[in-house]
1. Give the residue that is nearest to E252 (Cα to Cα), with candidates limited to residues of segment 159-185 that are in contact (Cβ under 8 Å) with a residue 60 or more places away in the chain and open to solvent by less than 50 Å² (accessible area, probe 1.4 Å).
2. Considering each of S104, S127 in turn, give the residue that is more than 17 Å from V271 (Cα to Cα) and in a helix (DSSP H, G or I).
3. State yes or no: is M99 at pLDDT 90 or above and under 22 Å from the mean Cα position of the chain (by Cα)?
4. Among W516, W543, which is the only one that is aromatic (F, W, Y), in a helix (DSSP H, G or I) and more than 30 Å from A167 (Cα to Cα)?
5. I'm told P206 meets every condition in (1) part of a helix (DSSP H, G or I); (2) under 15 Å from the mean Cα position of the chain (by Cα) except one. Can you identify the failing condition by its number?
6. Would segment 412-434 turn up any residue that is under 30 Å from V102 (Cβ atoms), in contact with a Pro (Cβ under 9 Å, 6 or more places away or on another chain) and open to solvent by 20 Å² or more (accessible area, probe 1.4 Å)?
7. On the basis of being among the hydroxyl-bearing types (S, T, Y), over 30 Å from V482 (Cβ atoms) and touching a helix residue (DSSP H, G or I) at 6+ places or on another chain (Cβ under 6 Å), does Y571 make the cut?
8. Criterion first (of a type outside the set (V, I, T) and open to solvent by less than 60 Å² (accessible area, probe 1.4 Å)) does F527 satisfy it?
Amino acid sequence: MESTYLAIVLSPLAAALIAGLFGRRIGRAGAHSVTILGVAVSCALSAAVLWRQVVDGAPADNVSVYTWLVTDGVRMEIGFLVDRLSALMMVVVTFVSLMVHVYSIGYMHDDAGYQRFFSYISLFTFSMLMLVMSNNLLQLFFGWEAVGVVSYLLIGFWYTRPSAIFANLKAFLVNRIGDFGFLLGIAALLYLTGSLDYREVFAAAPGLQDATIDVGSWQWPALSMACILLFIGAMGKSAQVPLHVWLPDSMEGPTPISALIHAATMVTAGVFMVARMSPVFEYAEAALSFVLVIGAITALFTGLIALVQFDIKRVVAYSTLSQLGYMMVAQGASAYAAGMFHLTTHAFFKALLFLAAGSVIIALHHEQDMRRMGGLRKYMPVTYWTSLVGCLALIGFPGFAGFFSKDALIEAEDLSRIAGAGFAEFCIVAGVFITALYTFRMFFLVFHGPERMDAEARSHLHESPWVVTLPLVLLAIPSVIVGWFATGPLVFGDFFGDSLYVRPEHDVLARLGEEWHGPMSFLVHGFQSPVLYLALGGAAVAWFLYLRQPHLPDQLRDRFGAVYRLLENKYYADWLAERVIPAAGRAMGGAFWRVGDVTLIDGGLVNGSARVVGWGAALIRRLQTGYLYHYAFAMVIGLALLAGWLLIRPGGS
């Protein structure tokens, strides 16, 4: 199987190199053909691996490809751990990536950087596969950093735009903050266990439950500190508050990139990492509480920001932030399987919504302001119906994929007794209403109501070409059906096997699974849940405000101006990240330069020591007169001083 795993990761890499290095020779058709073929091969082989694991019952594979370095007994290897967790991620990543590749043929048709674009997205797929297939922390870090670098290139793809350059630099720097914590977490685990290999780290975790690390005069629980540091890395990659500020600005990249980064790849890396490290997190309850609370804050408060956005892509971006918060809440509640299931369903319907937004943007000649849209239903029927599927899945409407994953997640969190669970439950339940409100606000402003675009745009309106609409249809299908056959085995069954570890006292899904009697009973229970009526209430309020009484939103904005400004300014997080923190950093750096460098080092140590030496040399030089009686006098004085010291020193005679 080693050759199969190598083919899965190397096919997108080879395609990226061909399209990037030989793009001019093979042309546009050659670039998209070779990259689509590479990702398609990877997707087909990933599906075969998942089939082998699930249907044929094959055991997990832990393969070492080669040893890169051995130092002080620590082996640094490149290898693959392919179990059901990584196999599921491989299929999700490659399938969504394949849909984005096909979609990009239509979306990027007239772009001058066509070949470069396909090279980047294929390279991004390779990086993500290296991350999810790794069997050690070193390779995990390589994939982690590689997706960060390629996302920098993709967000700033249109590098002539100052806003795109600002956005990719912002994403890069914010992720460096998270990655610094991630690297410290890896170093802590290496210090505690003496290994970077997953198996050895996981085996050592139970014995380290009571271990501490001295930090100055304080003693910290070792595993909790290591896991919190790892999660800080996840806060950067998966855009959790307060390291979320980069993700909405990443909309400066082309729409296919938004779908690729925000649906199933980069932003889900943190969620996957916490699930993969569950054998360690389970023995660090303080870290689980930290994950739970941060996820809950992200789920509610970033969803509120989406209510005041008018850029269609930014609405979907803030929706991604909120849903990532839901996934993190599940991980913090030890419902790892529910979090991974929501990651899977979210990948389909969120990629669908991003690509549908791109279809609208194409039709309106790259207009993204929803205030200049409206009434698109009759012009774009395929985009309309697939968007409706995506919206219903996102709000958790019964029968759609999002219903099964979100409802299981909320029910599991309700059973959790981890510290902070009550706060988290309030946030995610309130977030259901907010999600439905901003989702159908977007849907009604874009597809219903009066046509607000100009006459020229209206005259050219038509449905997008098949290379755009086909991926929408293919993504809409799993957004509807995947919950019906996947909820039982993934959430309540033994699908993940030994891939995930949950201590018995934390196993909320086992308790919830006692009430599982198939998807139909789950559906019936969903109709009885108040959570459903919160979602329907949010959709109804959106209909009333934006279709029935469209003048009311402006009146509410004027009436609650302070709240609106707070949300419009995103709680001033961007202001802090872009103005206050950099200014404080520059001021601190200037102070260190003036006091530390100029005054202490240059003025005191370097120039000061030179001045002391010069002064001493000048003094000694004056004693060198050349007269014999001066030297004799100095010798007499010296002998007198020496004799006096010998007489008065302790024990002298």
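The values are calculated or read from the model by the stated rules, or taken from the named source; none is laboratory data. Owing to the predicted nature of the structure, the values given are computational and were not obtained by experimental measurement. Cβ sites come from the backbone with ideal geometry, for glycine too, and all protein chains shown count toward neighbours. Accessible surface is based on the protein model in full, side chains and every heavy atom, while ligands, DNA and RNA are left aside. Shrake-Rupley method; radii C 1.70, N 1.55, O 1.52, S 1.80 Å.
1. Filtering segment 159-185 for residues that are in contact (Cβ under 8 Å) with a residue 60 or more places away in the chain and open to solvent by less than 50 Å² (accessible area, probe 1.4 Å), the one nearest to E252 (Cα to Cα) comes out as A164.
2. On the way: S127 fails: more than 17 Å from V271 (Cα to Cα).
Step by step, each of S104, S127 is checked, and only S104 is more than 17 Å from V271 (Cα to Cα) and in a helix (DSSP H, G or I).
3. Numbers: at pLDDT 90 or above: no; under 22 Å from the mean Cα position of the chain (by Cα): yes.
When the stated conditions are applied, M99 does not pass them.
4. On the way: W516 fails: in a helix (DSSP H, G or I).
On inspection, the qualifying residue turns out to be W543.
5. Going through the list (1) part of a helix (DSSP H, G or I); (2) under 15 Å from the mean Cα position of the chain (by Cα), P206 breaks only (2).
6. Keep residues of segment 412-434 that are under 30 Å from V102 (Cβ atoms), which gives none.
The answer is no; no qualifying residue exists.
7. Details: among the hydroxyl-bearing types (S, T, Y): yes; over 30 Å from V482 (Cβ atoms): yes; touching a helix residue (DSSP H, G or I) at 6+ places or on another chain (Cβ under 6 Å): no.
No: the conditions fail for Y571.
8. Working: of a type outside the set (V, I, T): yes; open to solvent by less than 60 Å² (accessible area, probe 1.4 Å): no.
In short, no.
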